[in-house]
1. I'd like to know if region 131-140 contains one or more residues that are within 15 Å of residue 150 (Cβ to Cβ), part of a loop (DSSP other than H, G, I, E, B) and at pLDDT below 95.
2. Would you pick out the residues in region 209-231 that are of a type in the set (Phe, Trp, Tyr), more than 17 Å from residue 346 (Cβ to Cβ) and modelled with pLDDT of 95 or more?
3. Do we find a residue being over 30 Å from residue 302 (Cα atoms) and in contact with a Leu (Cβ under 6 Å, 6 or more places away or on another chain) anywhere in region 180-200?
4. Looking at region 243-270, which of its residues are within 30 Å of the chain's Cα centre (by Cα) and part of a loop (DSSP other than H, G, I, E, B)?
5. Could you tell me whether region 340-348 includes any residue that is within 15 Å of residue 237 (Cβ to Cβ), touching a residue at least 12 places away in the same chain (Cβ under 8 Å), in contact with a strand residue (DSSP E or B) (Cβ under 9 Å, 6 or more places away or on another chain) and surrounded by 15 or more Cβ atoms within 10 Å (Cβ to Cβ)?
6. Which of the residues belonging to region 156-207 are part of a loop (DSSP other than H, G, I, E, B) and within 30 Å of residue 101 (Cβ to Cβ)?
7. Give 153, 86, 98 a once-over and let me know the one that is closer than 19 Å to residue 71 by Cβ, outside the structural domain of residue 283 (by TED's automatic domain parsing) and among the hydrophobic types (A, V, I, L, M, F, W, C).
8. Can you tell me which residue in region 230-242 is farthest from residue 182 (Cα to Cα), limited to those that are among the polar types (S, T, N, Q) and part of a loop (DSSP other than H, G, I, E, B)?
Amino acid sequence: QEHEALGSDRLITENSTQTDVVVAVPCFICSSKFEALQKEVHRLQDKEAKLLADNQTLREGLQDRQVTSFSAEQLTESSVQFYTGLPSMVMFSLIVQLVREGTKYLPRAVSLGDAVFMVLAKLRLALLNRDLAFRFNVSEGTVANIMVKFIPLLAETFSKFIIWPTQPDIARTMPTLVHRYYPRCRVIIDCSECRIQRPLAFTARSQTYSHYKSCNTIKFLVGVTPCGAVSFISKAWGGRVSDKRLTQRSGLLDKLENGDTVLADRGFLIREDIGRVGARLVVPAYTKGKRQLPAEEVETARKMSKIRVHVERAIGRIKVFRILQDRLPITLLRHATNILLICSGITNLKQKLM
C-alpha cells in the first residue's frame, strides 16, 4: 500500500535508480503561466524590432543631417564674418541673446540661433530660399516664414546700434582733419540706390524707375558722423524720388540743432530747409557755366572730397551685403527698410573708418 501511495507521485521500476525517477507534473498547473510568458516574449520581440527600426531611421537621419546641415553651432570666427558680416562669434551670440529678449516667438523647425543665422546669411550672400532650405534641412516654406518673422526682429535689434550722437559726443570723437576745416560738422549725407526686380503694377514701376540708373531701384539717405559711423538711415523710397524730397521727408532735419554743419553733394538743394533749424549746409561749388573756379572754391572742394569719401566708404560697407548688390526680389521689397537697418547696424559693429 505504501508502494501504491508513492506511485501516485512517481513511478519506480524494478531496475530503476535514483536518476531514473520521472516526475509527472500536471499540465494544468503551468499551462497558463507558459502562455503568459510566451505572450510577454512576443511583446518584447516586437518592441525590440520597433526600437531597432527607429534606431536605424535616426541613424540615417543623423547621417543625412551631418552631410547637409548648416547650423549656427558650426560657425567659427572666420565663417561668422563671411556668412553674417558680424565681426566675431561673441557678437553673434550677443545678437541672438538680444533677439531672444525682444520676442516671445520661437521657431519650431530650427533653433533661434539658426533662424538668426539663416536671415543674416540670406542678406550677406543673397542665398535663395531653396538653397537655405537644403543647407538647414528644412522646407522652403519654413525658410520663407522665418524671413517674414525675423527680418523685422533683427531690424529692431540692429537699429539700436544706429545712434544719433549729441553735439558733445561728436566733438569728442571728431577726427583732426574734419575738426580743422569743419569743427561744427554734425553729419555727412548722401543718397544711394539699389536695383530691384521690375514690379508688375504700373504705378510701382513708375515710382521706382530711376533715370540715373535707368532701371527700377529703391533709394535711401545715409547720414554718417565725422568719424565714419552710420548715424542715420532713412526709409527705402522709390528710385524716382529726388534727393531734396527724400531728405525733406526722411526725418533728418528734425534731428539737426542750431549751429550744426551738414556736408553734402551738390545735388542736395536743401539749404533753406537746413537754414530754418539754424544749421548750415556745405556743398561743393557748382561748375556749370563756369570756365574756371576761383581758388577759394577749388580749395573748398578739395577739403570736402577728403571728408566726404567717408560717407561713400560707409555706403560701400552697407552694400557689401549681396542682397543690396543684386536685384532685390519683389518678395523682399516690403522688407527693404528693415534690410537697410540690419546692414547699417552690422556696419557700425565693425572697426571704425577713421
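1. Within region 131-140, one or more residues are within 15 Å of residue 150 (Cβ to Cβ), part of a loop (DSSP other than H, G, I, E, B) and at pLDDT below 95.
2. Listed by number, the list holds a single entry, 209.
3. Checked against the condition, which is being over 30 Å from residue 302 (Cα atoms) and in contact with a Leu (Cβ under 6 Å, 6 or more places away or on another chain), region 180-200 yields at least one hit.
4. Result: 251, 252.
5. yes
6. 162, 163, 164, 165, 166
7. Result: 86 is the single residue among 153, 86, 98 that is closer than 19 Å to residue 71 by Cβ, outside the structural domain of residue 283 (by TED's automatic domain parsing) and among the hydrophobic types (A, V, I, L, M, F, W, C).
8. Taking the candidates together, the pick is 242.
The values are calculated or read from the model by the stated rules, or taken from the named source; none is laboratory data. Since we're looking at a predicted model, the values are computed, not measured. Glycine also receives a Cβ, built like all others from the backbone with ideal geometry; neighbour counts cover every protein chain displayed.
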